[in-house]
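Each value in this text was obtained by applying a stated rule to the coordinates, not by laboratory testing. Worth saying up front: this structure is predicted, and the values here are computed from it rather than measured. Cβ: placed from backbone, ideal geometry, glycine included. Neighbour counts: every protein chain shown.
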Amino acid sequence: MTTGTSTNSWLRGDSLLRVAEWERELPWLWHGFSTRVGGVSVAYGAGGDDKGETCGDLNLGFTAEDEPERVRENRRRLVELATGCAETQLALIRQIHSGASVVLRAGEPVWSEAPQADGVMSDQTGVLLAVQTADCIPVLVADAERRVVAAFHAGWRGTVQRIVERGVARLCEEFGCAPERLVAAIGPGIGGCCYAVGEELRTRFGAEFAYADALFRRADDGVLPSGLFLDLTEANRRQLLDAGVCGERIARVGGCTACQTKRFFSYRAQRGRTGRMMSVIGIAP
Ligand SMILES: [Zn+2]
């Protein structure tokens with residue numbers, strides 16, 4: 001396996017999904033949602049080879065099945081794609097399906113041991129905030145005026161605990177952001193088309209959200225798949241709205257991970273044996 005392969009536009013477009021308006025209007029902003037395309041991992045069935053070409057998987061998590069050296073090379077590629085420099089520091093968190101976020105202030109050193117949280121926010125330049133997912137919903141938020149960024153990881157547990165709604169409120173509190181000025185993007189995650197859940201989740205969401213009924217769909221018309229389905233993307237869009245973000249400033253990127261297993265890692269569709277994607281955001285120095 002070689003390292004130091006230079007990136008190209010093919011790799012960037014397929015490996016890192018971006019919000020077109022942000023690219024156009026916020027040149028100081030680093031951001032993107034990774035796919036599984038364009039790495040060197042072979043543990044999950046991609047046809048990679050040992051020459052470090054771009055036909056392997058871009059697994060960005062230190063999973064049990066993958067080789068750490070390949071994950072490190074994938075991370076190096078992702079960081080270079082997002083920032084233009086492979087040495088840019090990643091601020092990672094240890095995700096625990098909570099409603100808690102951590103703050104990294106300008107001038108503070110980036111932690112060497114990842115803190116337990118499901119949201120991370122910062123006004124520091126030159127650092128890439130990151131969350132990892134493989135079905136859960138990644139959400140990126142930025143304030144163009146104050147140059148503040150945030151990343152959130154929302155599975156059903158974090159969503160019930162309002163990770164995004166509480167996270168945006170915290171962002172505004174810590175950095176003096178006006179919510180109506182924020183831009184947000186919801187990345188690839190399991191869609192309401194595929195996320196079959198049990199009745200107990202409807203009860204949990206029903207106890208917490210007045211709009212819970214709008215998040216669930218029951219399919220029992222004989223057309224498979226049947227059952228109860230939860231739309232986590234919509235749930236998190238609602239949280240952004242409730243936190244004061246304008247609907248027209250919320251972008252959706254990538255779609256359903258379980259529907260597109262050649263493009264994305266899906267924990268559900270690949271029955272737990274899968275890689276991790278990374279959603280990143282930062283402020284260029
Ligand atoms: Zn789907």
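Assorted remarks:
- Annotation: residue 112 fulfils all but one of (1) more than 24 Å from residue 168 (Cβ to Cβ); (2) buried (at least 16 other Cβ atoms within 10 Å of the Cβ); (3) hydroxyl-bearing (Ser, Thr, Tyr); the unmet one is (2).
- Every residue from the stretch 176-198 that is within 16 Å of the ligand (Cβ to nearest atom) and aliphatic (A, V, I, L, M): 186, 190, 196, 197
- Close pairs from the stretch 252-263: first without any contact (Cβ under 8 Å) to a residue 60 or more places away in the chain, partner within 11 Å of the ligand (Cβ to nearest atom) and assigned to a loop (DSSP other than H, G, I, E, B), Cβ under 7 Å, at least 6 apart: 261/269
- Picking from residues in the stretch 36-46 that are in contact (Cβ under 8 Å) with a residue 24 or more places away in the chain and surrounded by fewer than 23 Cβ atoms within 10 Å (Cβ to Cβ), the one that is nearest to residue 253 (Cα to Cα) is 37.
- Selection of the stretch 111-127 for residues being outside any loop (DSSP other than H, G, I, E, B) and touching a Leu at 6+ places or on another chain (Cβ under 8 Å) yields 120, 121, 122, 127.
- Check on residue 152, in contact with a strand residue (DSSP E or B) (Cβ under 6 Å, 6 or more places away or on another chain) and under 29 Å from residue 124 (Cα atoms): yes
- Any chance residue 246 is touching a helix residue (DSSP H, G or I) at 6+ places or on another chain (Cβ under 6 Å), surrounded by 14 or more Cβ atoms within 10 Å (Cβ to Cβ) and in contact (Cβ under 8 Å) with a residue 40 or more places away in the chain: yes
- Highlighted here are the strands (runs of 3 or more DSSP E) found entirely within the stretch 141-228 that include at least 1 residues which are under 24 Å from residue 279 (Cβ atoms) and not hydroxyl-bearing (Ser, Thr, Tyr): 148-154, 182-186.
- Selection status of residue 202, within 16 Å of the ligand (Cβ to nearest atom), among the basic types (Lys, Arg) and touching a Phe, Trp or Tyr at 6+ places or on another chain (Cβ under 8 Å): no
Residue by residue, here is whether (1) hydrophobic (A, V, I, L, M, F, W, C); (2) on the phi > 0 side of the Ramachandran plot; (3) within 15 Å of the ligand (Cβ to nearest atom) holds:
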{"residue": "231", "(1), (2), (3)": "no, no, yes"}
{"residue": "234", "(1), (2), (3)": "no, no, yes"}
{"residue": "239", "(1), (2), (3)": "no, no, no"}
{"residue": "243", "(1), (2), (3)": "yes, no, no"}
{"residue": "247", "(1), (2), (3)": "no, no, no"}
{"residue": "256", "(1), (2), (3)": "yes, no, yes"}
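- Per the listing 170, 162, the residue uniquely surrounded by 17 or more Cβ atoms within 10 Å (Cβ to Cβ), basic (Lys, Arg) and at positive phi is 162.
- Test for residue 120: is it more than 16 Å from the ligand (Cβ to nearest atom), closer than 19 Å to residue 32 by Cα and surrounded by 24 or more Cβ atoms within 10 Å (Cβ to Cβ): yes
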